[in-house]
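Enquirer: Below you'll find the structure I mean.
Just so it is clear, none of the values below were taken in a lab; they were calculated from the coordinates. Bear in mind that the values here come from a model prediction, so they are computed numbers and not experimental data. Reconstructed Cβ throughout: ideal geometry from the backbone, glycine too, with neighbour counts over all protein chains shown.
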Amino acid sequence: MGKVIIIGAGPAGLSAAITIAEKGLDVLVIDEYMVGGGRLLGQLYEEPNGNWWNGIKESKSLVERAKNAGVEIQLHTPVSNIERIDDEWVIYTESEVHYTSHLLLATGAAETPLPIPGWTLPGVMSVGAAQVMTNVQRVKPGNRGVIVGVNVLSSAIAMELKIANIDVACITLPKMNIPTEKSADPMEVMNSLLHVSHMAPSAFVKLGSKLMTNDFMKRMGITFFPKNGVKMWDIPIMLRKAVVEIYGDGKVEGVKIATISPSGEVVAGTEENISADFVCIAGGLYPLAELAAVAGCPFYHIEELGGYVPLHNEQMQTPVEGLYVAGNITGIEGAKVAISQGVTAGLAIANDVLGGGLESNIQQAIADIETTRDNAYIQFHPEVKEGKRKLQQYWEEHQNKSVAITL
Amino acid sequence: MTNRILNHPVLDPIDESEVVTFTFDNKEYKGLRHESIAAALLANGVRTLRHHEESGTPRGIYCNIGHCFECRVSVNGEQGVRACLTPVQEGMNIESGGKLLTTVRDWRASQNG
């Protein structure tokens, strides 16, 4: 019996590996980063009960548990291709070729870039890049930054920068153009922020967001949104300003911002410069699913899940034989959901390899994903459950079609 | 000059015990073992990792987790190594990339104009 291969050593991949190894099977986890933990590594926030969710500690403990369970982890190993030959998956890394009957893709998410004039200057980086530099590599991305893009991820990371004593001049919108459209529309952004208002430390912001339950109130909110923004953790969040250009000679020296109308149009003559030595671009996360595409898995675009996701069922199994998915590749959610999805995928794989016997554990694990989702502190999309429901429907349609073809 | 976050209010202090010496474009720098090439250079105030092959404009890290390949450098003669994913090591010889002669672009318009 060969070993199960998992691509991605983040919370989903590691928890799947632990689950499979604890059932007595051999597991190899491959990841291209230099430390195990994936995007969990950068996470740092205070939970409502006053405890800190420390991504580095959580990652270390997952890696430790995996190693104790006998999991082999190969770091700093990029996977360049996968293909199915006969009845096996062939995984090509830069140094070796691996074979397996059961392959789990837990490749996580990537950040959507927002093209803005000047964005190739050294000092411009994705907001996740600044998070990794600060919390994982422990080097300041700069002394004073501007964050372009107002969303759950950028607000959370702004706070992390603040904790590390890095000055954030403001969080603001990008100038509206075709690719930035949604991120640049104040109304859209306001809508997406309202469901995370419970994270705001100010009672005023919490109360304000409760009042914004209908469109008229939201429109009023945007129209009268203070030009200099409202402050969250002492950082101005400006929904009525947009970055029109990032400037600097050979590196970032600042951004040019302008006032925008409630619908996102730049008001001429309002441009001003804000000095900064780094700029974070925050376009939000999307499932990183290239390997599933290479493997021939069908995809569906589901807005609520963050983009194109590979088709899969509740047991994290795709319609492609021997191919499973778990974590943010299945939709953008927090690390705790990824962990419970990893457990489910791990059980489904072990059940298939061992020829059954784990059905009730799988049902329990599926129920646990739902509970974790309901209790999640950070929800990246308010309608994530609706997204999952759509996916389930696509799965059933796909199954019915396959049956029809077979008949 | 160092931009390292030595004492973080929540996270553990970093291990500064193992210092490595490496070169970037023939200049010597010191970094910490277990940090990435990109982090070691940024801690030394170096943001520009290469110049674009066609336009010659400076580039640094963008995604910092290996997706975008903006941070590609040469390490001990091997091209296309991602500085954000590669741990810095003692004696590493790192070189940035520069503008290349390109045959990709259609130059006719600019020649006629």
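Enquirer: Taking chain A as a Gaussian network, where each spring joins two C-alpha atoms under 10 Å apart, which residue of A:HIS312, A:HIS301, A:HIS381 fluctuates the most?
Expert: A:HIS301
Enquirer: Please report, in Å, the Rg and the Dmax of the range A:249-334, where both are computed over Cα atoms only.
Expert: My reading of the Cα-based Rg and Dmax gives 20.3, 59 Å.
Enquirer: Give me the distance between the Cα centres of the range A:148-173 and the range A:315-349, rounded to whole Å.
Expert: Each part's Cα centre sits 30 Å from the other's.
Enquirer: Find out how many positive minus negative residues lie around B:LEU49, taking Lys and Arg as positive, Asp and Glu as negative, among other residues whose Cβ is under 11 Å from that of B:LEU49. Each step should come with its number before you reach the end.
Expert: On the way: positive: B:ARG47, B:ARG50, B:ARG59, B:ARG72, B:ARG82; negative: B:ASP25, B:GLU70, B:GLU95.
Neighbour charge sum, excluding B:LEU49 itself: +2.
Enquirer: With n ≥ 4 as the cut-off for DSSP H runs, can you work out [θ] at 222 nm for chain B, using -39500 (n - 2.57) per run divided by the number of residues, rounded to the nearest 500?
Expert: -2500 deg cm²/dmol
Enquirer: Also, I was wondering about something else. How big is chain B in terms of Cα radius of gyration and Dmax, in angstroms?
Expert: Cα radius of gyration and Dmax of chain B are 17.0, 62 Å respectively.
Enquirer: Over chain A, with a Gaussian network built from C-alpha contacts below 10 Å, which listed residue (A:MET34, A:MET176, A:MET238) shows the highest mean-square fluctuation?
Expert: A:MET34
Enquirer: In whole percent, what relative contact order does chain A give with Cα contacts below 8 Å and a gap of six or more residues?
Expert: 18
Enquirer: State log₁₀ I(q)/I(0) for the range A:79-149 at q = 0.13, 0.17 Å⁻¹ as given by the Debye formula over alpha-carbon point scatterers of equal weight, solvent excluded.
Expert: Values, matching the q order: -0.64, -0.78.
Enquirer: On to the next question. With contacts defined as alpha carbon pairs under 8 Å and 6 or more residues apart, what's the relative contact order of chain B in percent?
Expert: 28
Enquirer: For A:GLN131, what is the net charge nearby, where nearby means another residue's Cβ is under 9 Å from its Cβ and Lys, Arg count +1, Asp, Glu -1? Spell out each step's value before the answer.
Expert: Details: positive: A:ARG39; negative: A:GLU160.
The answer is 0.
Enquirer: Continuing with this model, one more query. Please report the net charge: other residues with Cβ closer than 10 Å to the Cβ of B:LEU6, K and R +1, D and E -1.
Expert: +1
Enquirer: As a test, work out the antiparallel percent of DSSP beta bridges whose residues both lie in chain A, rounded to the nearest 5.
Expert: Close to 55 percent.
Enquirer: Per DSSP helix of 4 or more residues, -39500 (n - 2.57); summed, then divided by the residues of chain A. What does that give at 222 nm, rounded to the nearest 500?
Expert: -10500 deg cm²/dmol
Enquirer: Picking from B:ASN44, B:ASN76, B:ASN93, which is most flexible by a Gaussian network model of chain B using Cα springs under 10 Å?
Expert: The residue that fluctuates most here is B:ASN76.
Enquirer: Continuing with this model, one more query. Taking beta carbons within 10 Å but only from partner chains, what does the mean come to for residues A:106-112?
Expert: 2
Enquirer: Set the bar at 25 Å for Cα to Cα. Now go through A:LYS140/B:LYS30; A:LYS57/B:LYS30; A:LYS67/A:LYS385; A:LYS175/A:LYS231 and name every pair that lies beyond it.
Expert: A:LYS57/B:LYS30; A:LYS67/A:LYS385
Enquirer: Please compute the average number of Cβ atoms from other chains found within 10 Å of each residue's Cβ in peptide B:40-48.
Expert: Mean partner-chain Cβ count within 10 Å for B:40-48: 4.
Enquirer: Spin-label point model (7 Å from Cα, Cβ direction): what's the B:ASN26 to A:GLU265 distance in nm?
Expert: For the pair B:ASN26/A:GLU265, the computed spacing is 5.6 nm.
Enquirer: What aspartates and glutamates could a cross-link reach from A:LYS390, if we take a straight Cα to Cα line under 17 Å and drop same-chain neighbours fewer than 8 places away?
Expert: The reachable aspartates and glutamates, counting only those whose Cα sits under 17 Å from A:LYS390, are A:GLU303, A:GLU304, A:GLU314, A:GLU333, A:GLU370.
Enquirer: How shielded is A:36-44 by partner chains, expressed as the average number of their Cβ atoms within 10 Å of its Cβ atoms?
Expert: 1
Enquirer: Just round it to a whole percent: the fraction of Cα-Cα distances in the protein assembly as shown exceeding 30 Å.
Expert: Summing the P(r) of the protein assembly as shown above 30 Å gives 51 percent of all pairs.
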